[in-house]
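Remarks on the structure that follows.
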Amino acid sequence: MSPVFPMLTVLSMFYYMCLRRRARTATRGEMNSRRAIESNTRALPINVEIVQYAKEVLDFSSHYGSENSMSYTMWNLAGIPNVYPSSGDFTQTAVFRTYGTWWDRCPSARLPFKRTPPTFCSQDYVELAFEEQVYPTAVHILETYHPGAVVRILACSANPYSQNPPAEVRWEILWSEAPTKVNGPQARQFTPCIKQINFPTNLIRLEVNSSLLDYYTELDAVVLHGVKERPVLSLKTSMIDMNDIDEDEDEEKYGCGMDTFNKQFSIVTLREWPTNGYFDKLPYELIQLILSHLTVPDLCRLAQTCKLLYQHCCDPLQYIHLSLQPYWARINDTSLEYLQSRCTLIQWLNLSWTGNRGAISVSGFSRFLKVCGSELVRLELSCGHFLNETCLEVITEMCPNLQELNLSSCDKIPPQAFNHIAKVGTLKRLILYRTKVEQTALLSILNFCSELQHLSLGSCVMIEDYDLIASMMGAKCKKLRSLDLWRCKNITESGIAELASGCQLLEELDLGWCPTLQSSTGCFTNLARKLPNLQKLFLTANRSVCDTDIEELAANCTHLRQLDILGTRMVSPASLRKLLESCKDLSLLDVSFCSQIDNRVVLELNANFPNVFIKKSFTQ
């Protein structure tokens, strides 16, 4: 046999490995990665392509709208487009709660967790269910205002409409990219080049980062294209990168399977070496400092190299601050069990977005806190849908030093469970945004948690009398610095008066979309006179805000940095000039839909006060 044939066989095997590898990874981003195969390697469907809009919105982290309406809510993503291809600010779209970096520049801003991998930048998410499971060939996102927020698209192996839940839920990243600045707020159809996956799906998750946007992003619909049978890869190829053979790198970047992740936590047999090289010459503290810059998976990976580094990587001092949110798709009871021995000194723990669809059980969470909760100061549990009353009871019993608790969008916790929080008298920050907390439980919390400095009650629709709540805050929470009452439906000038009289340290107050407050009662002028330390004040969609209110703010709240008066009809350009001249630190002023403030006025104010971001939204 000619020697050319063995060589051809080797080349064929190598070519097959690369194609198999590419079938699993496909491309990441819009063909701008050096690891991408050129566009002619896209999968070739072997049957008819199915095109479907989202049938249902299953879960989301936040939205601008109310829990009791459809305006600006995530539920608008279900079904056919309502607005596209029109551009502008429309209530029929899906809008997240925040945009830009303004929320990181106010008194309620929280310190970031260290060791967050640079590839994880998601701030919000929404999960969409479709009628039929398909192998995705394309995902179209119809963005109608300030596009560019979507940073990740994922597919799930679980069928939300199946009566038999799978033994393991697997997530795969279809596309991922760092936040990018899009020129202009106009509508677009965003169609990134997605990777091919080896399972059918009807559950798609979008993750967004709005930090580079000048205003709220608005999404109208999501279209999933796919085929019923698994596609085969085209044999046409012009370039294959040798790096595609790196299995371990790909698992970290793309894989969301729990088995691989948990193996990194597990104890492995370590090889004996006569010496540890130069590491024996380094002080223990210096090695600890070097390792403190590694992400959690890298730390676990390094622990498998030798006994010395295993000792360092398992030292509880490496886990004082631990964020597992970037790995939400891979965290389960086994992960927590592996981490228990390393987290006995943990003070900050972020389990936001983790544990859903049965990944973390109540017993698994409880076991972890019983071992690791004694030193906890900060606990982030946003969107933790596994949480129930037992979990809150364990938190209050096992975390005696807890100062910060985030239960944002934990909408599965029953109302009576919140009574347990009153036992944590050390609390300084409590976030209950979009929870089912009721009035009785909240009054108890306010009565016993007098150290509270930051409190979020945005979109808490089950509270019947916010005036009574405000009165209790004024009497008991004298140290309050920030308060979120976003979309609180029944607070009046009486509650505002009690709040302003008792909580005079307030620096941040969100009264956006509170329709029962009327400027004619003097409630806003009273706020301005009683709260001179205000840095952020949101009076969003209150049409009664007038020149008198703005002038009182200019006279009394000279430290003001952010002001939102979207929708008012009573504020003139003259009062805004007084405000801008008086409040030298003002950086954000939202005058969208203010009928007396047209584009000409905004241009003039921008020219005279260039350090202030003056926002004027529009609808076409």
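The values are calculated or read from the model by the stated rules, or taken from the named source; none is laboratory data. Everything numeric in this text was worked out from a predicted model, so none of it was measured. Here Cβ is always computed from backbone atoms with ideal geometry, including for glycine, and neighbour counts include all displayed protein chains. Ligands, DNA and RNA are excluded from the accessible area calculation, which covers all protein heavy atoms including side chains. Shrake-Rupley method; radii C 1.70, N 1.55, O 1.52, S 1.80 Å.
Numbers below:
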{"quantity": "Criterion: among the hydroxyl-bearing types (S, T, Y) and in contact (Cβ under 8 Å) with a residue 60 or more places away in the chain - qualifying residue of S210, S157, S162", "calculated": "S210"}
{"quantity": "Filter pass, T91 being farther than 27 Å from L379 by Cβ and either at pLDDT 95 or above or in contact with a helix residue (DSSP H, G or I) (Cβ under 8 Å, 6 or more places away or on another chain) (or both)", "calculated": "yes"}
{"quantity": "Residue within segment 430-450 that is touching a strand residue (DSSP E or B) at 6+ places or on another chain (Cβ under 8 Å) and among the polar types (S, T, N, Q) present", "calculated": "no"}
{"quantity": "Residue in segment 558-566 that is assigned to a helix (DSSP H, G or I), assigned by the TED database to the domain that holds L534 and of a type in the set (S, T, N, Q) present", "calculated": "no"}
{"quantity": "Subset of segment 368-392 (residues that are assigned to a helix (DSSP H, G or I) and not basic (K, R))", "calculated": "F368, L369, V371, C372, E389, T390, C391, L392"}
{"quantity": "Search result, residues across segment 393-410 that are open to solvent by 10 Å² or more (accessible area, probe 1.4 Å) and part of a loop (DSSP other than H, G, I, E, B)", "calculated": "P400, N401, Q403, S408"}
{"quantity": "Residues satisfying the stated conditions in segment 273-297, i.e. more than 22 Å from A329 (Cα to Cα), open to solvent by less than 70 Å² (accessible area, probe 1.4 Å) and within 25 Å of the chain's Cα centre (by Cα)", "calculated": "S292"}
{"quantity": "Subset of segment 513-540 [open to solvent by less than 40 Å² (accessible area, probe 1.4 Å) and either within 21 Å of F593 (Cβ to Cβ) or of a type in the set (V, I, T) (or both)]", "calculated": "C514, L517, S519, F524, T525, K536, L537, F538, L539, T540"}
{"quantity": "Qualifying positions in segment 197-212 - closer than 18 Å to A178 by Cβ and open to solvent by 20 Å² or more (accessible area, probe 1.4 Å)", "calculated": "S211, L212"}
{"quantity": "Residue satisfying all of: in segment 563-613; more than 24 Å from P515 (Cα to Cα) and of a type in the set (G, A, S); most open to solvent (accessible area, probe 1.4 Å) among these", "calculated": "A607"}
{"quantity": "Filtered residue count, segment 567-584, keeping only those that are touching a Ser or Thr at 6+ places or on another chain (Cβ under 8 Å) and in a loop (DSSP other than H, G, I, E, B)", "calculated": "5"}
{"quantity": "Condition met for K370 (surrounded by fewer than 20 Cβ atoms within 10 Å (Cβ to Cβ), farther than 28 Å from C460 by Cβ and charged (D, E, K, R))", "calculated": "yes"}
{"quantity": "Inter-residue pairs, beta-carbon under 8 Å, first among the basic types (K, R) and in segment 308-333, second outside any strand (DSSP E or B), 6+ apart", "calculated": "R330/C256; R330/G257; R330/M258; R330/T260; R330/F261; R330/N262"}
{"quantity": "Of all residues making up segment 88-111, the number that are in contact with an Asp or Glu (Cβ under 9 Å, 6 or more places away or on another chain) and either aliphatic (A, V, I, L, M) or in a loop (DSSP other than H, G, I, E, B) (or both)", "calculated": "15"}
{"quantity": "All positions within segment 357-380 that are under 20 Å from V169 (Cα atoms), modelled with pLDDT of 95 or more and not small (G, A, S)", "calculated": "I360, V362, F365"}
{"quantity": "Selection count where residues are farther than 20 Å from G100 by Cβ, open to solvent by 30 Å² or more (accessible area, probe 1.4 Å) and among the charged types (D, E, K, R), scope segment 156-188", "calculated": "2"}
{"quantity": "Meets criteria (among the aromatic types (F, W, Y) and either open to solvent by 10 Å² or more (accessible area, probe 1.4 Å) or not assigned by the TED database to the domain that holds F418 (or both)) for F386", "calculated": "yes"}
{"quantity": "Contacts under 6 angstrom Cβ, first residue in segment 463-479 being farther than 24 Å from E67 by Cα, partner open to solvent by 10 Å² or more (accessible area, probe 1.4 Å) and not in a helix (DSSP H, G or I), 6 or more apart", "calculated": "K476/S450; K479/Q453"}
{"quantity": "Top-ranked residue of segment 435-478 - restricted to ones that are among the hydroxyl-bearing types (S, T, Y) and closer than 20 Å to D510 by Cβ, ranked as surrounded by the fewest Cβ atoms within 10 Å (Cβ to Cβ)", "calculated": "S471"}
{"quantity": "R543 vs. criteria open to solvent by 10 Å² or more (accessible area, probe 1.4 Å), charged (D, E, K, R) and part of a helix (DSSP H, G or I)", "calculated": "no"}
{"quantity": "Residue within segment 317-328 that is surrounded by fewer than 16 Cβ atoms within 10 Å (Cβ to Cβ) and among the hydroxyl-bearing types (S, T, Y) present", "calculated": "no"}
{"quantity": "Residue match in segment 298-316 (condition: at pLDDT 95 or above, charged (D, E, K, R), under 30 Å from G425 (Cβ atoms) and surrounded by fewer than 18 Cβ atoms within 10 Å (Cβ to Cβ))", "calculated": "no"}
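Yes/no per residue for (1) open to solvent by 30 Å² or more (accessible area, probe 1.4 Å); (2) at negative phi; (3) modelled with pLDDT of 95 or more:
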position	(1), (2), (3)
T41	no, yes, no
S61	no, yes, yes
S69	yes, yes, no
T73	no, yes, yes
N76	no, yes, yes
G79	no, no, yes
V95	no, yes, yes
P107	no, yes, yes
R110	yes, yes, yes
